[in-house]
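Undergrad: Pasting in a structure now, in structure tokens, and then I'll have a few things to ask.
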Number of protein chains: 2
Amino acid sequence: MEKKIILRDDEMPRQWYNVVPDIPNGLLPPLDPETKEPMGPEKLGAVFPMGLLEQEMSTTRYIDIPEEVLDIYKIWRPVPLVRATNLEKALGTKAKIFFKNEGVSPVGSHKANSAVPQAYYNMKEGVKRLSTETGAGQWGSALSFATSKFGLECKVYMVRVSFEQKPYRKSMMQTFGAQIVASPSEETRTGRKILAEFPDTPGSLGIAISEALEDAAGREDTKYALGSVLNHVCIHQSIIGLETKKQLEIAGEYPDVVIGCCGGGSNFAGIAAPFIPDYLSGKKIRFVGVEPSSCPSLTMGRLAYDFGDVAQTTPLLYMYTLGHDFIPPGIHAGGLRYHGMSPIISALVRENIIEPMKVHQLECFEAGVLFARTEGIIPAPETCHAIRAAIIEATREPDKKQTILFNFSGHGLIDMASYDKFFAGDLHNYDYPEEAIARSMANLPKI
Amino acid sequence: MEKKIILRDDEMPRQWYNVVPDIPNGLLPPLDPETKEPMGPEKLGAVFPMGLLEQEMSTTRYIDIPEEVLDIYKIWRPVPLVRATNLEKALGTKAKIFFKNEGVSPVGSHKANSAVPQAYYNMKEGVKRLSTETGAGQWGSALSFATSKFGLECKVYMVRVSFEQKPYRKSMMQTFGAQIVASPSEETRTGRKILAEFPDTPGSLGIAISEALEDAAGREDTKYALGSVLNHVCIHQSIIGLETKKQLEIAGEYPDVVIGCCGGGSNFAGIAAPFIPDYLSGKKIRFVGVEPSSCPSLTMGRLAYDFGDVAQTTPLLYMYTLGHDFIPPGIHAGGLRYHGMSPIISALVRENIIEPMKVHQLECFEAGVLFARTEGIIPAPETCHAIRAAIIEATREPDKKQTILFNFSGHGLIDMASYDKFFAGDLHNYDYPEEAIARSMANLPKI
């Protein structure tokens with residue numbers, strides 16, 4: 001059989017899939033952070049364009065992908081589905097392992113799948129400028145790329161510690177024409193307040209979100225963009241799973257298990273959601289969402305309404321959370337360091353459709369190195385989590401004939417410093433103490 | 001029409017093309033550096049395996065690609081041929097611009113196309129370990145990847161200045177399991193001698209080649225590998241042009257001009273050579289080889305026998321050269337900083353089949369930024385040279401309907417520091433003074 005299954009441009013799906021109407025018992029609506037009442041599009045419209053809000057609230061299963069978005073997707077999509085034959089051999093497993101290679105995007109990760117439509121809908125409604133935050137830098141690079149395609153300005157608040165440690169990410173965004181500032185910055189009220197109190201703070205995603213939101217709220221020409229968690233982001237990412245289904249059909253295969261790493265949840269939702277209708281029709285298929293032991297929202301968090309940021313300015317989302325003031329240790333998979341989880345993934349865990357799994361940092365890097373030396377592609381630290389889980393599944397019963405599918409969410413070429421630290425023995429495993437999680441969860445908002 | 005033309009795995013060419021028998025007036029043989037007599041495989045066999053030497057000397061047009069090499073090529077090949085529609089729009093040209101995206105390889109460049117067969121033929125003949133040099137790091141990463149696939153050890157002598165400035169390249173090689181040392185090193189006679197005399201030297205490709213050769217000559221289990229210049233490397237790279245021809249046929253297109261950047265010449269030979277038989281049969285097609293003004297071997301050098309390294313240890317090659325002791329300024333396209341040029345490209349320039357063109361560094365980075373903001377992919381500094389030439393061709397007569405093809409030899413995600421310097425205004429143009437070139441050329445060996 002073929003090593004890769006490739007789709008031609010005209011075989012790319014022309015609609016996204018929205019899993020929301022298929023979630024048993026549905027989703028609870030976001031709440032207004034002040035009134036604690038369900039929040040409608042009118043108030044959210046201050047920071048998001050209507051085109052995206054309609055998707056956020058949508059209960060339609062299939063949503064047309066605009067031609068202009070398809071045109072840009074075609075720069076790199078459809079992306080290959082690859083059989084990890086060399087990894088299988090190295091593991092001595094009878095399982096077939098397939099991975100969807102989202103690393104071939106111009107910015108090296110799946111984040112571009114949502115950045116492009118987000119920039120598009122904003123452009124279409126006359127927005128001139130987008131503000132956003134970025135932690136590890138994957139989302140910031142993707143939005144910088146996407147805004148450059150639609151002639152929008154882009155302002156990225158980049159968590160200070162990443163701003164200093166990841167100069168290549170900053171350079172990428174600059175090359176695409178974006179403006180980047182270390183967060184906390186002197187440019188917002190929130191930033192100035194925090195700097196006055198903690199001049200040496202390394203920053204956090206929570207602070208950066210607050211700054212980007214304040215920026216968008218304060219300017220007529222600007223809206224805000226978020227790279228994960230929300231429904232519309234998960235909808236855009238469904239292109240991953242929709243393509244994969246077509247490719248598996250060509251290969252005459254069907255997965256026994258679908259695996260993805262979970263930070264905010266969008267890449268996993270992207271590969272898994274399009275298989276949910278089959279599951280609901282009785283097909284035997286498992287879904288495994290993999291999170292770091294150091295930030296175990298699905299395995300140790302609580303399903304509750306919580307804020308998306310430390311400053312408590314976002315709408316309240318009903319999700320698995322460790323508490324909005326939970327600060328995970330500085331593990332190297334920066335994209336997985338988020339206290340909450342997409343409401344869609346949370347609901348599918350609640351319904352026992354998705355099985356959460358937590359893994360340790362060191363075994364993830366070991367898995368990543370094995371993958372690089374067998375399949376040739378160096379994975380992003382986040383992606384190593386999915387690979388680790390695929391290895392666990394493939395070796396638990398090595399003689400079992402099964403088909404394992406995981407999402408290769410991005411390559412690690414711009415994050416090699418993490419591998420350096422791994423080889424130098426400077427990385428450690430973290431199991432977050434239950435007391436610390438309990439302490440943070442005591443601060444959940446009272447609904 | 002489609003944005004990308006994609007081939008499926010089973011459409012990948014199964015033979016390489018060797019242009020040597022089609023070069024009018026042929027090639028002159030390499031000479032023994034001591035006797036100045038033509039050099040046969042017996043002496044070269046000390047550093048290269050017979051499988052590669054047979055290709056080096058071959059006058060066969062088509063050479064089978066071993067199954068084991070095809071299997072690894074399939075990790076990323078066939079690679080897309082993409083129409084640069086967004087760049088065309090930005091330029092306001094009626095030309096169609098196509099690029100072959102070699103940046104999707106696991107190491108981000110075309111270098112893997114030759115690294116894989118080189119590792120394979122060495123493995124097949126029982127070699128346990130390969131030594132090589134690397135400047136910018138592209139070749140060293142590619143060989144590290146390839147040796148990891150065939151269970152060989154790999155030792156990379158990396159020019160010290162790059163070793164210090166490009167930590168991510170070093171990390172990549174380490175992840176693939178290679179050993180890397182800054183050159184000059186304490187590990188070879190040549191290295192120790194130079195360090196004793198110049199303890200602060202930044203190193204050079206010439207020194208690193210000498211160290212890698214000394215390493216291979218001194219150990220029974222070790223052979224040497226070179227990433228460009230030689231015939232067998234150009235043969236391996238022909239996969240680029242062979243795939244492209246198939247893809248253009250699917251698109252119903254034929255190029256009026258084929259463009260590539262030229263350092264040692266292998267990526268340009270790879271895309272151009274498979275079109276040479278058409279040219280010789282009377283097809284109207286131009287070939288443009290692009291080099292930096294700071295290292296203008298084709299446009300200002302001389303066609304003569306010269307050494308491949310500063311230490312005068314390699315065979316003498318008949319090629320366009322600026323003199324083996326020519327030291328180009330530290331431009332950021334490290335892959336183009338070589339005093340010589342592949343004998344194959346040199347002969348095709350001599351026959352007026354290839355037109356050489358030189359371009360300045362700053363206009364290349366400008367072209368690269370425009371490409372990133374239109375087509376979304378950040379090019380390697382070397383690749384920016386090909387893009388610049390494509391832009392020149394497309395805008396000279398913007399209303400002319402023509403088809404331009406260039407090789408996108410690699411992405412720039414691991415070399416973003418060069419873009420930083422460009423944006424900071426720290427880069428400059430260099431026109432190498434004719435006296436300096438004349439001085440270096442006065443030292444050509446007397447044949």
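The values are calculated or read from the model by the stated rules, or taken from the named source; none is laboratory data. Keep in mind that what you see is a predicted model, and the values were worked out from it rather than measured. No Cβ is skipped: glycine too gets one built from the backbone with ideal geometry, and neighbour counts run over all protein chains shown.
Undergrad: Of the conditions (1) farther than 17 Å from A:Ala272 by Cβ; (2) within 14 Å of chain B (Cβ to nearest Cβ); (3) surrounded by 24 or more Cβ atoms within 10 Å (Cβ to Cβ); (4) in contact (Cβ under 8 Å) with a residue 40 or more places away in the chain, A:Ala372 clears all except one; give me its number.
TA: The number of the failed condition is (4).
Undergrad: Pull up the range A:314-369, narrow it to residues that are over 17 Å from A:Thr134 (Cα atoms) and β-branched (Val, Ile, Thr), then point me to the one that is surrounded by the most Cβ atoms within 10 Å (Cβ to Cβ).
TA: Top of the filtered list is A:Ile345.
Undergrad: Can you find, within the range A:406-447, the residue that is farthest from A:Ile354 (Cα to Cα) among those that are in contact with a Leu (Cβ under 9 Å, 6 or more places away or on another chain) and within 14 Å of another protein chain (Cβ to nearest Cβ)?
TA: The selected residue is A:Lys421.
Undergrad: Hey, another quick one. Please tell me if A:Ile97 is at pLDDT below 95, of a type outside the set (Lys, Arg) and not assigned by TED's automatic domain parsing to the domain that holds A:Thr188.
TA: Numbers: at pLDDT below 95: no; of a type outside the set (Lys, Arg): yes; not assigned by TED's automatic domain parsing to the domain that holds A:Thr188: yes.
No, not satisfied.
Undergrad: If you go through the range A:78-94 one residue at a time, do you hit one that is surrounded by 20 or more Cβ atoms within 10 Å (Cβ to Cβ), charged (D, E, K, R) and within 30 Å of B:Ala251 (Cβ to Cβ)?
TA: Looking through the range A:78-94, at least one residue is surrounded by 20 or more Cβ atoms within 10 Å (Cβ to Cβ), charged (D, E, K, R) and within 30 Å of B:Ala251 (Cβ to Cβ).
Undergrad: Against the definition (within 14 Å of chain B (Cβ to nearest Cβ) and surrounded by 16 or more Cβ atoms within 10 Å (Cβ to Cβ)), how does A:Met39 come out, yes or no?
TA: Considered against the rule, which asks whether it is within 14 Å of chain B (Cβ to nearest Cβ) and surrounded by 16 or more Cβ atoms within 10 Å (Cβ to Cβ), A:Met39 comes out as no.
Undergrad: If I go through the range B:264-308 residue by residue, how many of them are touching a strand residue (DSSP E or B) at 6+ places or on another chain (Cβ under 8 Å), among the small types (Gly, Ala, Ser), under 22 Å from B:Glu382 (Cβ atoms) and not in a helix (DSSP H, G or I)?
TA: Final tally of qualifying residues: 5.
Undergrad: Looking only at the range B:145-170, which residues are more than 22 Å from the chain's Cα centre (by Cα) and closer than 18 Å to B:Asp415 by Cα? Steps first, please.
TA: Here is the first cut: in the range B:145-170, the ones more than 22 Å from the chain's Cα centre (by Cα) are B:150-153, B:164.
Scanning the range B:145-170 gives a single hit, B:Glu164.
Undergrad: While we're on this one: Go through the range B:325-340 and give me each residue that's hydrophobic (A, V, I, L, M, F, W, C) and out of contact with any Gly (no Cβ under 8 Å at 6 or more places or on another chain).
TA: As a first pass, look at the range B:325-340 and keep what is hydrophobic (A, V, I, L, M, F, W, C): B:326-327, B:331, B:333, B:336.
If the condition is that a residue be hydrophobic (A, V, I, L, M, F, W, C) and out of contact with any Gly (no Cβ under 8 Å at 6 or more places or on another chain), then B:Phe326, B:Ile327, B:Ile331 are the ones that fit.
Undergrad: Among the numbered criteria (1) under 28 Å from B:Tyr279 (Cβ atoms); (2) touching a Pro at 6+ places or on another chain (Cβ under 6 Å); (3) more than 14 Å from chain A (Cβ to nearest Cβ), which single criterion is violated by B:Arg337?
TA: It is condition (1) that B:Arg337 fails.
Undergrad: Quick test for you: out of B:Glu253, B:Glu249, pick the one residue that is in contact (Cβ under 8 Å) with a residue 60 or more places away in the chain, of a type outside the set (A, V, I, L, M) and surrounded by fewer than 23 Cβ atoms within 10 Å (Cβ to Cβ).
TA: Answer to the check: B:Glu253.
Undergrad: Next question, about the same structure. Can you name the condition, by its number, that A:Ala46 falls short on among (1) within 14 Å of chain B (Cβ to nearest Cβ); (2) modelled with pLDDT under 95?
TA: (1)
Undergrad: Going by the conditions given, is A:Ala304 under 26 Å from A:Gly410 (Cα atoms) and either buried (at least 24 other Cβ atoms within 10 Å of the Cβ) or not acidic (Asp, Glu) (or both)?
TA: So A:Ala304 does not fit the description; no.
Undergrad: Based on this model, can you work out whether B:Thr403 counts as more than 17 Å from the chain's Cα centre (by Cα) and farther than 14 Å from B:Leu91 by Cα?
TA: Yes, satisfied.
Undergrad: Does A:Ser228 fit the bill of being buried (at least 21 other Cβ atoms within 10 Å of the Cβ), modelled with pLDDT of 95 or more and among the hydroxyl-bearing types (Ser, Thr, Tyr)?
TA: For A:Ser228, the condition - buried (at least 21 other Cβ atoms within 10 Å of the Cβ), modelled with pLDDT of 95 or more and among the hydroxyl-bearing types (Ser, Thr, Tyr) - is not met.
One line per residue, one yes/no per condition, for (1) within 14 Å of another protein chain (Cβ to nearest Cβ); (2) among the aromatic types (Phe, Trp, Tyr):
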position	(1), (2)
A:Ser297	no, no
A:Met300	no, no
A:Leu303	no, no
A:Phe307	no, yes
A:Tyr318	no, yes
A:Met357	no, no
A:Gly376	yes, no
A:Ala386	no, no
A:Gln402	no, no
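Undergrad: Mind checking which residues of the range B:160-187 are surrounded by fewer than 21 Cβ atoms within 10 Å (Cβ to Cβ) and of a type in the set (Gly, Ala, Ser)?
TA: B:Gly177, B:Ala182
Undergrad: Right, something else. Given the criteria part of a loop (DSSP other than H, G, I, E, B) and of a type outside the set (Lys, Arg), does A:Val229 qualify? Lay out the reasoning, then the answer.
TA: Working: part of a loop (DSSP other than H, G, I, E, B): yes; of a type outside the set (Lys, Arg): yes.
Judged against the criteria, A:Val229 is a match.
Undergrad: Also, I was wondering about something else. Search the range A:1-16 for residues being within 8 Å of chain B (Cβ to nearest Cβ) and part of a helix (DSSP H, G or I), and hand back the single one that is surrounded by the fewest Cβ atoms within 10 Å (Cβ to Cβ).
TA: Checking each candidate, the answer is A:Asp10.
Undergrad: Sort out for me the helices (runs of 4 or more DSSP H) sitting completely within the range B:93-192 that have 2 or more residues that are within 10 Å of chain A (Cβ to nearest Cβ) and on the phi < 0 side of the Ramachandran plot.
TA: Values: elements: B:112-124, B:138-150, B:160-165, B:167-175.
Helices (runs of 4 or more DSSP H) meeting the threshold: B:112-124, B:138-150, B:167-175.
Undergrad: Tally up the residues in the range B:379-435 that are in a helix (DSSP H, G or I) and among the basic types (Lys, Arg), please.
TA: So the answer is 3.
Undergrad: Now a separate question. How many residues are within 11 Å of chain B (Cβ to nearest Cβ) and not in a loop (DSSP other than H, G, I, E, B) if we restrict to the range A:67-86?
TA: Number satisfying all stated conditions: 8.
Undergrad: Same structure again: Among the residues that make up the range B:24-39, is at least one of them outside any loop (DSSP other than H, G, I, E, B), free of Cβ contacts under 8 Å to residues at least 24 places away in the same chain and not assigned by TED's automatic domain parsing to the domain that holds B:Asp306?
TA: Within the range B:24-39 (the criterion being outside any loop (DSSP other than H, G, I, E, B), free of Cβ contacts under 8 Å to residues at least 24 places away in the same chain and not assigned by TED's automatic domain parsing to the domain that holds B:Asp306), the answer is yes, since at least one residue qualifies.
Undergrad: Does B:Ile240 fit the bill of being buried (at least 24 other Cβ atoms within 10 Å of the Cβ) and outside any loop (DSSP other than H, G, I, E, B)?
TA: It is true that B:Ile240 is buried (at least 24 other Cβ atoms within 10 Å of the Cβ) and outside any loop (DSSP other than H, G, I, E, B).
Undergrad: Among the residues of the range A:190-209, how many are more than 19 Å from the chain's Cα centre (by Cα) and either touching a residue at least 40 places away in the same chain (Cβ under 8 Å) or not assigned by TED's automatic domain parsing to the domain that holds A:Val127 (or both)?
TA: 4
Undergrad: Right, here's the next one. Does A:Glu393 satisfy the criteria of being closer than 30 Å to A:Arg439 by Cβ and either within 14 Å of another protein chain (Cβ to nearest Cβ) or more than 16 Å from the chain's Cα centre (by Cα) (or both)?
TA: no
Undergrad: Another question, if that's okay. Anything in the range A:278-295 that is closer than 17 Å to A:Ser342 by Cα and either aliphatic (A, V, I, L, M) or surrounded by fewer than 20 Cβ atoms within 10 Å (Cβ to Cβ) (or both)? List them, or say none.
TA: Result: A:Val288, A:Val290.
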